[in-house]
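The structure under discussion appears below in the form of structure tokens.
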Amino acid sequence: MNDVTDGEKGLKENPREIVLRPMAPIVPATNIAGNSLMFVISIMSFLACLTLGAVIMVQDTASSWQSQISREITIQIKPEPGMDVDAELVKARDIALTFSGTTGATIVDTDATARLLEPWLGEGLDMEELPVPRLVIITIDETSPPDFTGMRAALNESVKNAFLDDHRTWVGRLVAMANTTVIIGLCVLALVFIATVLTVIFATRGALSGNHHIVEVLHFVGAEASFVASKFQKHFFMIALKGALAGGLAATIAFAIAGLWANIRIATPESDQAMALFGGFSMSAGGYIGALAIVVITAVLTALTTRITVIRTIMEIDLIRSDPTRSI
């Protein structure tokens, strides 16, 4: 009973350690398809951030224009032979100041008018020889503007060749332009996100195709679809997050370079035209928050798309198993 064989004695003296083989992930951590997907997502994120930044800059510029125009109105008086223009300007200014809602009035003198026309007509203008309208700039209260209809009627009755411009036409055009820009930007963002979703779907199906036998075996031995989907979801979420961060960072650097260029090229025709359309190229806080939101939305959208695609693929596997005549 107590005898021990040589084999059992050898096992006791030299016990063997059981080494477990490390578990490999269902989806490889890095591969060519994953790197390509990361590159594509970075491009999509870069385009989305550029679009959002441009929309925010144009909208801020339009709001600034609208605010500046809404604070002032202009009275134009066209001169004619034998007319005392200076007296008519004073009369127009006094009439405008009688209306509640006006906070100030300034008559633009001949020297200031000549400086306004210098870019088009050159220097040394004789304002007495040109029938150039003279201006009275009226500052108004934005929250409680004056009665423009009544002011226009009073000017037409008491001042010769007077025309009141309240800039409402320009304000309407600016608002329409800003709204159109926002709509176009949202459409571009929607197209970028749609392209991202389609790219993720194809990439996920490619990964499933390459690991189809593993997924099928796991599902056959009892692994739930949610478990398999979570592995793919985590993998593609990290890919999308890295790609979106790279694209967002590249867009931020692009705006910083554009702002630096605008500061270097200030007071040049090309810089003035660009700043007139887009304002300053510096990103506001809303632009940085929007870029961060695009990064998060891209990563989350990729993860959800991956999960839905994997679950639907496993459901198709179940259908094929129940009906072999079907095919994926």
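The values are calculated or read from the model by the stated rules, or taken from the named source; none is laboratory data. Not measured: the values here are computed from a predicted model. Cβ: placed from backbone, ideal geometry, glycine included. Neighbour counts: every protein chain shown. To get the accessible areas, we keep the full protein, side chains included, count just its heavy atoms, and leave off ligands, DNA and RNA. Shrake-Rupley method; radii C 1.70, N 1.55, O 1.52, S 1.80 Å.
For the condition at pLDDT 85 or above, part of a helix (DSSP H, G or I) and more than 23 Å from A203 (Cβ to Cβ), what is the one hit in I289, I297? Even if it seems obvious, please write down each step before you answer.
Working: I297 fails: more than 23 Å from A203 (Cβ to Cβ).
After applying the criteria, what remains is I289.
Step by step: first the residues of the stretch 29-48, then only those that are open to solvent by less than 30 Å² (accessible area, probe 1.4 Å) and of a type outside the set (V, I, T), then the one that is modelled with the lowest pLDDT. Which residue is that?
Within the stretch 29-48, the match that is modelled with the lowest pLDDT is G34.
Any idea which of (1) within 18 Å of I294 (Cβ to Cβ); (2) buried (at least 16 other Cβ atoms within 10 Å of the Cβ); (3) of a type in the set (V, I, T) is the one V182 doesn't satisfy?
Going through the list (1) within 18 Å of I294 (Cβ to Cβ); (2) buried (at least 16 other Cβ atoms within 10 Å of the Cβ); (3) of a type in the set (V, I, T), V182 breaks only (2).
Within the stretch 152-179, how many residues turn out to be under 15 Å from I69 (Cα atoms), open to solvent by 60 Å² or more (accessible area, probe 1.4 Å) and out of contact with any helix residue (DSSP H, G or I) (no Cβ under 7 Å at 6 or more places or on another chain)?
Residues meeting the conditions: 3.
Which of the residues belonging to the stretch 144-183 are acidic (D, E) and in contact (Cβ under 8 Å) with a residue 24 or more places away in the chain?
D147, D165, D166
Does L89 fit the bill of being part of a helix (DSSP H, G or I), more than 42 Å from the chain's Cα centre (by Cα) and surrounded by 15 or more Cβ atoms within 10 Å (Cβ to Cβ)?
yes
If only one of T51, T149, T113 is surrounded by 18 or more Cβ atoms within 10 Å (Cβ to Cβ), assigned to a helix (DSSP H, G or I) and among the polar types (S, T, N, Q), which one is it?
T51
In contact (Cβ under 8 Å) with a residue 60 or more places away in the chain, more than 16 Å from L186 (Cβ to Cβ) and not β-branched (V, I, T): is that true of M83 in this structure?
Values: in contact (Cβ under 8 Å) with a residue 60 or more places away in the chain: yes; more than 16 Å from L186 (Cβ to Cβ): yes; not β-branched (V, I, T): yes.
The answer is yes for M83.
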